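Novice: Take a look at this one; I'll ask things after.
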Amino acid sequence: MTAIESSAPARGTARADRAASRAENARQRIPAVELRGARMALGERVLWDGLDLRVDPGEFVAVLGPNGSGKTTLLKVLLGQRALTSGTALVNGRRTDRSVRSAVGYIPQQQAMDAELPLRARDLVGLGLDGHRLGPRLPFGAVARRRRERVDAALAAVGATGYADAPVGRLSGGEQQRLRVAQALVGDPAVLLCDEPLLSLDLANQRVVSDLIDRRRVDAATAVLFVTHEINPVLPLVDRVLYLVNGRFRIGTPEQVMTSSVLSELYGTRVDVIKVRDRLVVVGADDSGTHCDHLHEAAS
Ligand SMILES: Nc1ncnc2c1ncn2[C@@H]1O[C@H](COP(=O)(O)OP(=O)(O)O)[C@@H](O)[C@H]1O
Ligand SMILES: [Mg+2]
């Protein structure tokens, strides 16, 4: 049980209902995410085609690939914000339209927050509830109390209680990213979509944020789709990889996908995957800037 769930027993029913329906889905083996024959084309350009992907509850899937390969677009399809060109996308067995939004937690690609932004940490987390559940009405009475308890529990779960009332723009990148995790989890999602959540974090904060996400996966059987440029920080957590490159893709375990021959085929040029201690170093891919940095890092 997560801290989010254990510290606030009062708001039971909706959450218990969702937990029960998740358990029922698992019994019926309904995937958390399913893509069937998915195609996404932008005019002439095909981001992917014939994409079949089934993600089970509690599975951690890393989505890798160079800039522009369609990783963010894939998450937007699952959020119901973009429609596939053809094929089917399901979350919890339901078609992805706006109604699935409440089953999905989303950590968007990071944007710098204005230092003067008049928003407290707890307000940012609360948006994870208000956005899709409470509608435009302001909560009051018991609803407001329940809402506050949930936000407090989510803040506690990411260790952000100490700055719950601080303006978000004044917090460090690591602190802001913990809040984004809390915002994504406060609605008790069945699926967590993370778009490069470790970008621009130092190693210690990369660890904190990936551990928070993984703890949620283990405790609540939340499926995780984790878009990342760099697999190493999450390599121990990854069950499978979806690697997208220029309209081609490959799905499999890290051992199956992160090989010189598979990546050379995907990139259409020679790519070497070298194992340095417990890190994978990819040399020769188009976007090898980051990877080469890590080659130096791994070698130093
Ligand atoms: N709303 C949009 N309309 C048209 N093209 C888009 C839109 N959003 C993204 N693209 C294009 O789709 C491609 C994939 O983008 P994206 O999914 O953001 O890639 P990634 O996240 O892998 O870097 C890019 O070429 C981008 O310019
Ligand atoms: Mg992106």
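The values are calculated or read from the model by the stated rules, or taken from the named source; none is laboratory data. Here the structure is a predicted model, which means the values were calculated and not measured. Don't worry about glycine lacking a Cβ; one is built from the backbone with ideal geometry, like all the others, and counts go over all protein chains shown.
Novice: Just give me the residues in the range 24-48 being in a strand (DSSP E or B) and either more than 14 Å from ligand 1 (Cβ to nearest atom) or of a type outside the set (D, E, K, R) (or both), in sequence order.
Specialist: Hits for the range 24-48 are Val33, Glu34, Leu35, Arg36, Gly37, Ala38, Met40, Ala41, Leu42, Val46, Leu47, Trp48.
Novice: Please specify each residue of the range 157-167 satisfying the condition of being modelled with pLDDT of 95 or more and touching a helix residue (DSSP H, G or I) at 6+ places or on another chain (Cβ under 6 Å).
Specialist: Listed by number, the residues that qualify are Ala160, Thr161, Tyr163, Ala164, Ala166.
Novice: Looking only at strands (runs of 3 or more DSSP E) that lie completely in the range 204-269, which have at least 3 residues being away from ligand 2 (no atom under 16 Å from the Cβ) and surrounded by fewer than 21 Cβ atoms within 10 Å (Cβ to Cβ)?
Specialist: 248-252
Novice: Continuing with the same structure: Taking the condition of being in contact with a Ser or Thr (Cβ under 7 Å, 6 or more places away or on another chain) and buried (at least 21 other Cβ atoms within 10 Å of the Cβ), how many residues in the range 78-100 meet it?
Specialist: Residues that pass the stated criteria total 2.
Novice: Just checking, which of Gly37, Gly70, Gly65, Gly58 is exposed (fewer than 15 other Cβ atoms within 10 Å of the Cβ) and either acidic (Asp, Glu) or on the phi > 0 side of the Ramachandran plot (or both)?
Specialist: On inspection, the qualifying residue turns out to be Gly37.
Novice: Restricted to the range 188-202, and to residues that are surrounded by fewer than 17 Cβ atoms within 10 Å (Cβ to Cβ) and within 16 Å of ligand 2 (Cβ to nearest atom), which residue is nearest to the chain's Cα centre (by Cα)?
Specialist: Once the filter is applied, the top-ranked residue is Leu199.
Novice: Take the residues in the range 59-79 that are assigned to a loop (DSSP other than H, G, I, E, B) and under 14 Å from Glu34 (Cα atoms), then tell me which one is nearest to ligand 2 (Cβ to nearest atom).
Specialist: So the residue we want is Leu79.
Condition check ((1) under 11 Å from the mean Cα position of the chain (by Cα); (2) over 30 Å from Asp49 (Cβ atoms)) across all residues:
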| site | (1), (2) |
| --- | --- |
| Gly174 | no, yes |
| Val181 | yes, yes |
| Ala204 | no, yes |
| Ala220 | no, yes |
| Val234 | no, no |
| Leu237 | no, no |
| Arg240 | no, no |
| Gly252 | no, no |
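Novice: Given the residues Arg45, Arg82, which is the only one that is touching a helix residue (DSSP H, G or I) at 6+ places or on another chain (Cβ under 7 Å), farther than 21 Å from Asn232 by Cα and within 16 Å of ligand 2 (Cβ to nearest atom)?
Specialist: Arg82
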